[in-house]
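Comments concern the structure below.
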Amino acid sequence: MRELSIRHLQAFFFSLGQLWRTRWGTAMSVAVIAVSLTLPSGLYLVLQLTDQISADWQGGAEISLFLKPKVSDAAALKLAGQLQQQPGIAAADYVSATAALEEFRQKSGFGSALDLLDANPLPSLLRVRPQTDQADPAQIAVWLEEFKALPEVEAAEFDYAWVQRLHGIVQVGRQLALMVSLLLGGGVVLIIGNTIRLAIFNRRDEIEISKLIGATNAFIRRPFLYSGFQQGALGGASALLLVYGSLGLLAPAADRLAGFYQSQFTLQIIGWVELLLLPLIGGLLGLVGAWLAVSRHLRDIEPG
Amino acid sequence: MIRFSEVFKRYPGGGDALKNVDFRLVAGEMAFLTGHSGAGKSTLLKLITAIERPTRGQVWIGGENISRIKPRKVPYLRRRIGVIFQDHKLLYDRTVYDNIALPLVVAGLNHAEVRRRVRAALDKVGLLGKERSYPLTLSGGEQQRVGIARAVAGKPPLLLADEPTGNLDPELSLEIMNLFAEFNRVGVAVLIASHDLELIKQLGYRQMVLDHGELVAGGEQV
Ligand SMILES: Nc1ncnc2c1ncn2[C@@H]1O[C@H](COP(=O)(O)OP(=O)(O)O)[C@@H](O)[C@H]1O
Ligand SMILES: [Mg+2]
């Protein structure tokens, strides 16, 4: 076990050394990998921003339940309490007809005109706010039907056209990001596969000699696999710098955009996991590319 | 150590490179393999290291039948055999030390043991102090000694050499052959393919002669 880890360390540092010896070639392929990984990561971040904005919107979105006139304050409060207990509902606030009138008076500026009325024309209502993660259009439609069927409720309303639209956009964006990721991820695999293929051919003699003196295939494979992983991980790390560099440039504009939608977008300080994710993904793609190259070409090199 | 039994080897699209070859080389024995160019000497050595497989017949190495050896077992066979080539087959971008260490690293020996054995091997071939040199800065004879050091570093019970003196002048050739004789004296079996008949006669070991793939002399032990 200890012996094996020593051998892995040997292969690890050996392939690092090889990368350094061929540093210009390495730099080129790392740069290509970095660009290939930057694009989908950038897309995902933009998507995350959109999601955040839409979440804020949806958080502000509410279903209004207009109550029948005969429903008493006590009954309405009891209903509010029940609704609040339902899974997926964040809050249900009761606004009595009097409070609604007062609110309207303040916001509309029609105060004196309202004084002319001898009865309050407004119904009392419940404002139901769904939890952010439950606020997809389908779920809201289900709730609307449910609420309309309640005996206390006269009408239930929700303006969900825009939620649906935004949801659609985010959905399309997700698919686009997934496609771009798959394509460019495949590109990274091919790039590294090709680099490793060249490295294998450059070191043909060495491979042949190693086989002659009793090297196992695993031993010969190891440094190439490490090399693929290292190039991918370096590419991923560079992509990380590129993504956050360009985010820094984009941040003021993004903040402004978010401001239009009464939302706050702040560049989140990323955690360790996310920080490691991009190099790790790059490394794994590199490993796959190297594996393909190695399993395809190493067999052909036999001493003769 | 080595046993060939009715071995035939035919390359795809060629004639028989070996025909009905029968011989034994016992542990600790030293012998020369001679014959004209194209007689099948290299082919015979390649069968021993499983670079090639016999078309017919059986090959035993150290009691193991390797005629149909599985590919994943080949590395372990080769670790028991030290091989020396006419063109040295050194890694020219590595130091002498790294070249000799290669089979030891491949076999998974630890660092200290690798050092110890590389130094011992260098000592035996008379190249102590050259470990940091690169092969191309060495003379042909010295490069061949590096090749020999690499072959013996893992202390294999069998050494094979394919025309090890092919590019060397007679004096250096004798030195190299004497080096093999020294390893043989400490119990290593040695089989050397060579057509340097003068030298072989001078040394006086068993001589096996191949002629168009047939073993025409020296098949029996002396
Ligand atoms: N890889 C090969 N493919 C086809 N024919 C080969 C191959 N290697 C050797 N031969 C043929 O086999 C015969 C024996 O070759 P070889 O063993 O190299 O002889 P030697 O080493 O005695 O000069 C020759 O006729 C040679 O042309
Ligand atoms: Mg030959």
Here, chymotrypsin sites (Phe, Trp or Tyr not before Pro) of segment B:37-139 satisfying both criteria (DSSP loop; at most 13 other Cβ within 10 Å) are B:TYR92
Restricting to lysines 8 or more places apart or on different chains, can you count the pairs in segment A:62-157 with Cα atoms under 20 Å from each other?
5
Contact order normalised by length for segment A:62-157, with contacts defined as Cα pairs under 8 Å and 6 or more residues apart; what percent is it?
48
Which one of B:THR137, B:THR165, B:ALA193 is farthest out on the positive end of the charge dipole of segment B:96-216, using unit charges on Cβ (Lys, Arg +1; Asp, Glu -1) and the Cα centre as origin?
B:THR137
Segment B:89-222: spread of alpha-carbon positions along the three principal axes, whole Å, largest first, is 46, 29, 26
For segment B:22-149, what size does the Cα cloud have along each of its three principal axes, sorted from largest down, in whole Å?
46, 36, 28
Kirkwood Rh, Cα atoms: Rg over Rh of segment B:1-87
0.93
Would you be so kind as to identify which of B:THR55, A:GLN171, A:GLN106 lies farthest towards the positive end of the dipole of the protein assembly as shown, taking Lys and Arg as +1 and Asp and Glu as -1 on Cβ and the Cα centre as origin?
B:THR55
Over chain B, calculate the relative contact order: mean separation of alpha carbon pairs under 8 Å at least 6 apart, over the residue count, as a percent.
31
How much of B:MET1 can a 1.4 Å solvent probe reach, expressed as accessible area in Å² and rounded to 10?
50
Normalized C-alpha radius of gyration of segment A:62-157, against 2.2 N^0.38 Å?
1.16
Run through segment B:117-222 and list the trypsin sites (Lys or Arg not before Pro) located in a DSSP loop whose Cβ has at most 11 other Cβ atoms within 10 Å.
B:ARG132
Dividing the convex hull volume of the alpha carbon atoms of the protein assembly as shown by its residue count, what do you get in Å³ per residue?
209
C-alpha long axis of helix B:170-185 to longest principal axis of chain B, angle in °
80
Mind grabbing the accessible area of B:ARG3 for me, 1.4 Å probe, Å², rounded to tens?
80
What is the spread of the Cα atoms of segment B:90-155 along each of their three principal axes, largest first, in whole Å?
30, 23, 17
Contact order relative to length of segment B:90-155, as percent, for alpha carbon pairs under 8 angstrom and 6 or more apart
50
How big is the dipole moment of segment B:96-139 about its Cα centre under a simple scheme where the beta carbon of each Lys and Arg is +1, that of each Asp and Glu is -1, and everything else is neutral? Debye, nearest 20, please.
100
Under 10 Å, Cα contacts only: if you run a Gaussian network model on chain B, which one of B:GLY15, B:GLY40, B:GLY28 comes out with the highest mean-square fluctuation?
B:GLY15
Students sometimes get this wrong: rank B:ASP123, A:ASP118 by accessible area, probe 1.4 Å, all chains present, largest first.
A:ASP118, B:ASP123
Longer than 29 Å from Cα to Cα, which of B:LYS46/B:LYS130; B:LYS130/B:LYS201; B:LYS19/B:LYS70 are they? Say none if no pair is.
B:LYS46/B:LYS130; B:LYS130/B:LYS201
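The values are calculated or read from the model by the stated rules, or taken from the named source; none is laboratory data. All figures in this text were calculated on a predicted structure; none of them were measured in a lab. So basically every Cβ, Gly included, is an ideal-geometry build from the backbone, and we count neighbours across all protein chains shown. Surface accessibility is based on the protein's heavy atoms, side chains included, excluding ligands, DNA and RNA. Shrake-Rupley method; radii C 1.70, N 1.55, O 1.52, S 1.80 Å.
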